[in-house]
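One structure is given here, and the rest of the page talks about it.
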Amino acid sequence: MLVLASSALVAQDEAWFAERAPALEALYRHLHMHPELSFQERQTAARMATELRALGLEVTEQVGGTGVVAVLRRGEGPVGLLRADMDALPVAEDTGLPYASTVRAQSADGRAIGTMHACGHDLHMTCLLGAAQWFVQHPEAFRGTLVFQLQPAEERAGGMKAMLQDGLLTRFPRPAWAIALHTAHDLPHDRVGVRAGFAMANVDSCDITLFGKGGHGAAPHLCIDPVVMAAQLVLDLQTIVSREIDPLEACVITVGAIEGGNKHNIVPDRCHLQATVRSYTAPVRERMLASIERKAKAVALSFGAPAPKVEFSEHTPALQNHAALTAVVQRGLVAALGAEQVVEVPPAMVAEDFGRLLAENIPLCMFRLGTIEPRRLAAMQAAGDVPILHSGRFYPDYELAIRTGVKALVGAVRAAAAL
Ligand SMILES: [Zn+2]
Ligand SMILES: [Zn+2]
């Protein structure tokens, strides 16, 4: 592989970016204004396929639902994969921006719900396209094959699995490594954050249905009240983390939804709870899942109620950045952005189904992209109010972040391709 001297590369990049930036910024605003929920990313996928096809790449649509795969071949050499996710969230945008989303989607029960790219996947797609353009227009910079993956449904943890099941690694060149970025709400726009090893958590979704005996709210002694059972269970579940798991292990149980009953004076016959369960290691995960089931059964038993239904779903494995690949990516990021711009970030309990590639024996590295203009970030930090990802008030300073993101992806891929 021919490596350009980094000063020459930077000078060349600045001119290239100045020319490309308006189109990339327009694409970002378009994607931001037209968010689509998980597995419904039809317009988004079509737009990205059109953009990638215009670059002359081999583009395949409808991989694992709405997924898109584009392949760039540059002769003999390693195969690398770059991934971006496409889905938005059922969050009403509250940024007041001129390009804010006003899109409403229909929820499962027919309500109109606000829809927003509150996790920055619009930025991920824009940066991926920018990197694809860079590699197409710099044929001297890379030998080998690049696979660009546009993935549906990251937020429902099903998109990567669906694309794998639909032949991501068999119908297309199998990558020797995979790289992705994810926006960060708390890093300045000119920085990226990376860490080797565990970076994001195991996630399991848990649905618990507690069964009682319904009746009049004025005669609780003739009923078995599943709402009181649920209240007790929510607190019991917290003792799993605080009393059963080694305090040095990271883990979380959050009950995010409780639904039971319709009226003040009626004891319902069931109550449904939804929880998210997060961990890093397999033993901790297994212990937590077993304990949740035990606690639910114990609460039911103590009330003389029927056995509860406990179901686990949507498992996403922890995201573990490959040590050697991450060291190489880090060098590439430093070459592209400068040493001071590359920081180590702590692990987080959020999740990412990009980590599924590890189970397919593909070394991977996901790094975090700073998105906030430093003075705005400092002001928000001073006020103690930094909107986080998934908040309707989160927004990146996209002109700046696109530049950093494209440069970072190009730098990371070039370094990895030289492995
Ligand atoms: Zn998200
Ligand atoms: Zn995300």
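The values are calculated or read from the model by the stated rules, or taken from the named source; none is laboratory data. Worth saying up front: this structure is predicted, and the values here are computed from it rather than measured. Cβ atoms come from the backbone with ideal geometry, glycine included; neighbour counts cover every protein chain shown. What goes into the accessible areas is simple: the full protein's heavy atoms, side chains included, and nothing from ligands, DNA or RNA. Shrake-Rupley method; radii C 1.70, N 1.55, O 1.52, S 1.80 Å.
Quick notes on this structure:
- The number of residues in segment 396-419 that are touching a strand residue (DSSP E or B) at 6+ places or on another chain (Cβ under 9 Å) and of a type outside the set (Asp, Glu) comes to 13.
- Of the set (1) within 16 Å of ligand 2 (Cβ to nearest atom); (2) of a type in the set (Val, Ile, Thr); (3) over 30 Å from Lys295 (Cα atoms), all apply to Val194 but (1).
- Output for segment 95-125, where each listed residue is more than 13 Å from ligand 1 (Cβ to nearest atom) and touching a Pro at 6+ places or on another chain (Cβ under 9 Å): Thr95, Ser101, Val103, Ala105, Ser107, Ile113, Gly114, Thr115
- Those strands (runs of 3 or more DSSP E) of segment 31-118 that lie entirely within it include none in which at least 3 residues are crowded, with 17+ Cβ neighbours inside 10 Å and out of contact with any strand residue (DSSP E or B) (no Cβ under 7 Å at 6 or more places or on another chain).
- Set Pro188, Pro173, Pro139, Pro152: member being assigned by TED's automatic domain parsing to the domain that holds Tyr28 and either within 16 Å of ligand 2 (Cβ to nearest atom) or among the polar types (S, T, N, Q) (or both): Pro152
- In segment 220-234, the residues that are more than 13 Å from Arg270 (Cα to Cα) and at pLDDT 95 or above reach residues that are assigned to a helix (DSSP H, G or I) and not aliphatic (A, V, I, L, M) with C-beta atoms within less than 7 angstrom, at least six apart or across chains, in these pairs: Leu233/Lys295.
- Where strands (runs of 3 or more DSSP E) fall entirely within segment 303-419, those with at least 3 residues that are more than 16 Å from ligand 1 (Cβ to nearest atom) are at 309-316, 342-344, 364-372.
- Positions within segment 398-419 being surrounded by fewer than 17 Cβ atoms within 10 Å (Cβ to Cβ) and modelled with pLDDT of 95 or more, in sequence order: Glu399
- Selection of segment 287-318 for residues being in contact with a Leu (Cβ under 8 Å, 6 or more places away or on another chain) and farther than 14 Å from Met229 by Cβ yields Ile292, Phe312, Pro317.
- Among (1) open to solvent by 40 Å² or more (accessible area, probe 1.4 Å); (2) of a type in the set (Gly, Ala, Ser); (3) over 19 Å from Val227 (Cα atoms) - the single one Ser279 does not satisfy: (1)
- Test: Pro152 is within 30 Å of Gly56 (Cα to Cα), open to solvent by less than 10 Å² (accessible area, probe 1.4 Å) and either within 16 Å of ligand 1 (Cβ to nearest atom) or more than 17 Å from the chain's Cα centre (by Cα) (or both): yes
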